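Structure record follows, encoded as structure tokens.
The values are calculated or read from the model by the stated rules, or taken from the named source; none is laboratory data. Since the structure is predicted, the reported quantities are computational estimates derived from the model, not experimental observations. Glycine gets a Cβ as well: all are built from the backbone with ideal geometry, and neighbour counts include every protein chain shown. Accessible surface is based on the protein model in full, side chains and every heavy atom, while ligands, DNA and RNA are left aside. Shrake-Rupley method; radii C 1.70, N 1.55, O 1.52, S 1.80 Å.
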Amino acid sequence: MVSGDSGPGAVGAPASLRAVLAEMREVLENARERLREASPGSGAEGRRSELAAERDEHALDIFQEILSVPPLGLPPGEAFALAMDRLSRLLAADRALLLVYDEATGRLVPRSSRGFRREEMETLALDPSQGLIGRVFREKRVQTVDEAVALDPFVERFLVRQGIAVPVRTEGEVGGVLFAGRRALGAPFGTTDVLLLLVIADRVGSALVHQRLLERHGEHLARLREVRALVDEQRPGREPHDILARVSEAACRVPGVRAALALAGSGPSAITAAAGAGRLRSVGPEQIQPDDELLAEGFAADRPVAIRDLQARATARPGVLERDGLRAGLLVPLRSRGRVLGLLALADVEPREFSPEEVEMALTLAAVTAVALDSRRGLEDLRQALGEQAARQAEQAEGEKARVLTAFGGGLTRELSAVFALLLGKSQLMLARAPDESLREGLAALEEAAWRGTDVTQRLLGLAEADRAADLSCDLGAIAQEALAFARPRPGPAPAGGRIEMTADLPPTSPVAGSAIALREAVVNLVLNAMEAMPAGGSVTVQLREVEHGVELVVADSGAGIAPEVRPRIFDPFFTTRPGHLGLGLTVVQAVVLRAGGRVDVASGPAGTTVTLWLPAAPASGATRSDESLAGEPAPAPALEAPAAPVPVGSVLIVEEEDGIRSAVLDALAAAGHRVEAAVDATSALDRLALGGIDVVVTDLALRDRSGLQLAAAVKQRSPGAAVVLLTGWGRRLHEERVRGAGVDVMVVKPIEPERVRSAVAEALRLHPPA
């Protein structure tokens, strides 16, 4: 160690240290240089590479974050919100906005935003033909905004200093615009920023496509639900107008048009029903012109007729669609089983094309409507057929009922006539001989009962009036007058229940087919029923009027009406609600009218009952008659009362198989001084006649071996001078020509009264005095 020296050696020490330090610096520099040469990432170039790598890695992270936004699987609103979040963070944009084109308004409207106030977005709607946003939408390319570019109204309104807008593509078309902006100046948007924004726009476009698919799917489901509801509502039996109204409303919603019109019929000149919706809601069948060319074309078409612009068509006269100012039209004929049942017309206010989906939906609605109308038509045809069948069955049932009642009434009348003839004959003979007063009273009661039974048989004769000539006719007005004269209350004090006023309106009418006797009985029954329905008094009105193919007789009363539970049985035989009545009045009425080919209608309510008889007009060749003899039925035996001159007597042969009636006639004639003999059949009668000495033959109509008319003819052939008296319970049904032609001189209608038999034989002896 050198110490304390102050010589020249001391002065050189610091210089040597500086040299050493300089050498060391050089060595370090050389080492650093060598390190640079040894490491490619060292130095400024390496730093730049590291920075570039860091930027690439950061950009990759950014793109991966953007791609993490799923285009599908999220609701569109959430996908848009994620895109706005990435856009704001990655591009350092404090304003981000997605605008989508609205086809309904033709403007760009906000769908999602960041950095804008809600109230600003609610009123924002941009014209695609104006400004920065409109230029991006139209030109389909990227546009930027900075201070060097003149600001447009959108940029001025929202105070954006820097901005970039890119188109959002959906299914090959631009469906919107994605905008990112900054309110403060900073580093300008670079190529990477544009690429980032385009990637985000692509993700947004995919989300928009997904949203449109979802909307279309929802619309399709809604349309299917609408069609299903339409099918469910088309129940059989709905009125055509209801069917058309429902499909018109559905047509406005399902294909989405402003007006719809549904028509039922085979053409514009044959519209049976019409219903519209939308702008055609007030259209009715009366507004459809028969010469509407457009509708005629639709009715005649085999497939839908689509017209883009109705106003551009050259027509001689505007139709219902053109008159309403509609432009686009789609006409679909309603066809079912090869028949045109109507037309469905859809229309819009602006010219446009109808998409295949809209045409298919219109075809579906038309098919549903055609099936509903066809079902309705088939149901109406079925109802009509069933109604006609029911009417025929009812007519057949009524005819069968009348036939059964005729047989019933005829057989019962024949049997009862013989019984009551025997009762009357015997009771009257015994009355003439009985000395005891108490016995006479009993016989008188027996005679009265027999007469009441006789009245019943006469009522039953109305059921047996079946054998009438087909060409007979009668004056219904004259018959009604006679019936009223019989039923009209007699002058005198009013009955205890009250007075009945009768009013008749009987103008002259054409002759009707039917039996005068039977119709007179029917009208009398109706008038008496009407009077008895008003125990407290009231009014009875009888009217006669000419109607198509016949004449109507109306009998109305002001009584309490027929109870609903009684109404179905009013025509049943022997059914009555009035004590002491037989219940044959309306039964006889119905039987008589049905046999004449007419009908009976009964209407009843609290204000009274109205019975209407309709009878067909008589054939032109028929004779008009109102009394028994002129109606082709035999008149009662003339001069049956006891003559003033001496009664002639003679030899009488009685032909009757009923023991009781034969005995009664024998006693009655023997008491008058006649010489009487009896036979039980026609054969034994003719044998006795061959012996001679018979002046009068009294025969029953119904004999076991032949009819009384055949026996009368044989009597006239073998003994022309002998007279014939016919006994019958069917006198009202026998025709005068037939009776006279058989040789009958006098007829006595059962039940048999002794005096009537004696008078008939006396009249026969006057016609053919004994030799």
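So here's what we get for this one:
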quantity: Hey, PRO356 of a type outside the set (A, V, I, L, M, F, W, C) and at pLDDT 90 or above or not; calculated: no
quantity: Qualifying position, being charged (D, E, K, R), at pLDDT 75 or above and closer than 21 Å to THR576 by Cβ, among GLU532, GLU482; calculated: GLU532
quantity: Any chance VAL257 is surrounded by 23 or more Cβ atoms within 10 Å (Cβ to Cβ) and more than 17 Å from ALA370 (Cβ to Cβ); calculated: yes
quantity: Identity of the residue in the range 325-343, part of a strand (DSSP E or B) and basic (Lys, Arg), that ends up surrounded by the fewest Cβ atoms within 10 Å (Cβ to Cβ); calculated: ARG339
quantity: Residue in the range 241-253 that is at pLDDT 80 or above, over 23 Å from ASP348 (Cβ atoms) and open to solvent by 20 Å² or more (accessible area, probe 1.4 Å) present; calculated: yes
quantity: Members of the range 716-731 found to be open to solvent by less than 20 Å² (accessible area, probe 1.4 Å) and part of a loop (DSSP other than H, G, I, E, B), listed by number; calculated: ALA722, GLY729
quantity: Meets criteria (open to solvent by 50 Å² or more (accessible area, probe 1.4 Å) and either of a type in the set (A, V, I, L, M, F, W, C) or over 29 Å from the mean Cα position of the chain (by Cα) (or both)) for ALA301; calculated: no
quantity: Any hit, the range 364-376, residues being out of contact with any Gly (no Cβ under 8 Å at 6 or more places or on another chain) and among the basic types (Lys, Arg); calculated: no
quantity: Only one of ASP467, ASP505, ASP455, ASP475 that is at pLDDT 70 or above and over 42 Å from the mean Cα position of the chain (by Cα); calculated: ASP475
quantity: Subset of the range 165-202 (residues that are in a helix (DSSP H, G or I) and open to solvent by 50 Å² or more (accessible area, probe 1.4 Å)); calculated: THR191, THR192, LEU195, LEU198, ASP202
quantity: Subset of the range 690-702 (residues that are under 11 Å from THR728 (Cβ atoms) and buried (at least 21 other Cβ atoms within 10 Å of the Cβ)); calculated: THR699, ASP700, LEU701
quantity: GLU532 farther than 17 Å from ALA478 by Cβ and acidic (Asp, Glu); calculated: yes
quantity: Total residues in the range 203-215, condition buried (at least 19 other Cβ atoms within 10 Å of the Cβ) and basic (Lys, Arg); calculated: 1
quantity: Counted residues, the range 744-768 - those being assigned to a loop (DSSP other than H, G, I, E, B) and either within 60 Å of the chain's Cα centre (by Cα) or closer than 22 Å to LEU422 by Cβ (or both); calculated: 4
quantity: Subset of the range 169-188 (residues that are over 14 Å from LEU87 (Cα atoms) and either under 60 Å from the mean Cα position of the chain (by Cα) or modelled with pLDDT of 85 or more (or both)); calculated: ARG169, THR170, GLU171, GLY172, GLU173, VAL174, GLY175, GLY176
quantity: The range 96-147, residues that are within 25 Å of HIS210 (Cα to Cα), assigned to a strand (DSSP E or B) and in contact (Cβ under 8 Å) with a residue 24 or more places away in the chain; calculated: ALA96, LEU97, LEU98, LEU99, VAL100, TYR101, LEU108, ARG111, SER112, SER113, ARG114, LEU126
quantity: Given (1) open to solvent by less than 10 Å² (accessible area, probe 1.4 Å); (2) within 29 Å of THR577 (Cα to Cα), number of the condition VAL524 does not satisfy; calculated: (1)
quantity: Subset of the range 667-687 that is of a type in the set (Gly, Ala, Ser) and assigned to a helix (DSSP H, G or I) - its residue that is most open to solvent (accessible area, probe 1.4 Å); calculated: ALA671
quantity: Identity of the residue in the range 732-743, surrounded by 20 or more Cβ atoms within 10 Å (Cβ to Cβ) and in a loop (DSSP other than H, G, I, E, B), that ends up modelled with the lowest pLDDT; calculated: LEU734
quantity: Single unsatisfied condition, ALA312 versus (1) over 30 Å from LEU594 (Cα atoms); (2) surrounded by 12 or more Cβ atoms within 10 Å (Cβ to Cβ); calculated: (2)
quantity: Residues of the range 703-715 classified as buried (at least 24 other Cβ atoms within 10 Å of the Cβ) and not aliphatic (A, V, I, L, M), total; calculated: 1
quantity: Top-ranked residue of the range 364-383 - restricted to ones that are at pLDDT below 75 and either open to solvent by 60 Å² or more (accessible area, probe 1.4 Å) or among the β-branched types (Val, Ile, Thr) (or both), ranked as nearest to GLY265 (Cα to Cα); calculated: ARG377
